[in-house]
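*Asks:* Input: one structure, supplied below.
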Amino acid sequence: MSKNLRLSLAGVAAVTALAVAPAAGQAAAVTAGGGTTTVRLTSATTKGLTALGVQASPISSAKASKGGIAFPITGGRIDDRTGAGSLDHAGGLRLRKGSAQIALRDFRLKVGKRSTLSARVGTARVTVFRLSTSRARISRSGLQTRVSGVRVQLSSVGAAALNRTFHVHAFRAGQTIATASAAVTPRTIALRGRDTALTLDPSTAAALSGLGVQVAPAGAARLDGGAVRFPISGGSVNAATLAGRIDHRGGLRLSAGSTAVTLDQPRISLGRTNSLSALIGTTRTTIADLDLGAAKTATSGRRITVSGVAVRLNATAASALNSAFGTTALTPGTPLGTATVTAEAR
């Protein structure tokens, strides 16, 4: 039997692995933004398919590899504690023996009281497999949720369809054909801590000092070496693009004599436009533009670091500060500094 054959029937079940394992750690709803599910046939299944002479191959974006056959995860949502939810996949699997064949496409799993895997066969969606999760394990690796040890079993409908297609009586309901493992990349990453460090631009800091304006951290913010650190209090970003928002505690206080302006609870917004806003009194105001042209992004475990973000005052902030301190020194585009964001994913 070919390598594809050994891997591919298991691949029908590959899409089951992700959402069915019992969980460890805190619960979180995971909206899938990508990832793959991969399986390995049992030795009994491999021998059985070899004897039947059934040839198999992945369809479209499904791919065979040394560890099994992988199906891209295209969407869905699961609970990483209970595994309850649903996942959709691209690609498919074609089983062929002579002129007889069956094509299984667009796998969809549903996990709950009854855990099943269906596939599109022609224009109909058919529940081909059921899942056994008594030995399943769930863990995290970096930003991904990983699942292993899921047993994939034929449903009565799946067994009947295969027997009918290949004119055999070899397939039976409840037959375990493979074990599966999977890794899902979340679409959105919820943030829970760490901080954003702002290193003030030396020329701007000198100009403010020359005007008698002092710059200091406020509230939960703190001075660390040459940077002001603002603790991250929450937010979420897209795992692929980092579009989203990052909220902070603390603030930045600018003062001269009896005049003081506090830029409180900074919020980074990333997307079509990249900006920094803060509370001035009780009003949230966009105060700076963020330039990510030279920024670098790195991940380590569940930590995401974005460094080299240029922060420049916008027209609104420059005008407000000039008015407050009786100066015209600040202009739109004045560099406030360079930021490094270090965030922990939930």
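*Asks:* Being at pLDDT 95 or above and farther than 20 Å from Thr196 by Cβ, is that true of even one residue in the stretch 333-345?
*Replies:* yes
*Asks:* Scan the stretch 261-274 and tell me whether some residue there is out of contact with any Cys (no Cβ under 8 Å at 6 or more places or on another chain), assigned by TED's automatic domain parsing to the domain that holds Ser319, touching a residue at least 40 places away in the same chain (Cβ under 8 Å) and not in a strand (DSSP E or B).
*Replies:* no
*Asks:* Can we say Ala218 is touching a strand residue (DSSP E or B) at 6+ places or on another chain (Cβ under 8 Å), free of Cβ contacts under 8 Å to residues at least 60 places away in the same chain and under 25 Å from Ile280 (Cβ atoms)?
*Replies:* yes
*Asks:* For the stretch 47-61, name all the residues that are over 14 Å from Arg94 (Cβ atoms) and buried (at least 19 other Cβ atoms within 10 Å of the Cβ).
*Replies:* Listed by number, the list holds a single entry, Gly48.
*Asks:* In addition: Being hydrophobic (A, V, I, L, M, F, W, C) and in a helix (DSSP H, G or I) is the filter here, so list the residues in the stretch 183-208 that pass it.
*Replies:* Ala205, Ala206, Ala207, Leu208
*Asks:* Regarding the stretch 124-145, can at least one residue be identified that is part of a loop (DSSP other than H, G, I, E, B), assigned by TED's automatic domain parsing to the domain that holds Leu49, crowded, with 20+ Cβ neighbours inside 10 Å and among the β-branched types (Val, Ile, Thr)?
*Replies:* So far as the stretch 124-145 goes, yes, one or more of its residues are part of a loop (DSSP other than H, G, I, E, B), assigned by TED's automatic domain parsing to the domain that holds Leu49, crowded, with 20+ Cβ neighbours inside 10 Å and among the β-branched types (Val, Ile, Thr).
*Asks:* Looking at Ala10, Ala51, Ala32 in this structure, which one is in a helix (DSSP H, G or I) and either aromatic (Phe, Trp, Tyr) or at pLDDT 90 or above (or both)?
*Replies:* Ala51
*Asks:* Have a look at Thr199, Thr165 and point out the one that is in contact with a Ser or Thr (Cβ under 6 Å, 6 or more places away or on another chain), touching a residue at least 60 places away in the same chain (Cβ under 8 Å) and either under 30 Å from Ala318 (Cβ atoms) or surrounded by fewer than 20 Cβ atoms within 10 Å (Cβ to Cβ) (or both).
*Replies:* Thr199
The values are calculated or read from the model by the stated rules, or taken from the named source; none is laboratory data. Bear in mind the structure is a predicted one, so any value in this text is a computation, not a measurement. Cβ: placed from backbone, ideal geometry, glycine included. Neighbour counts: every protein chain shown.
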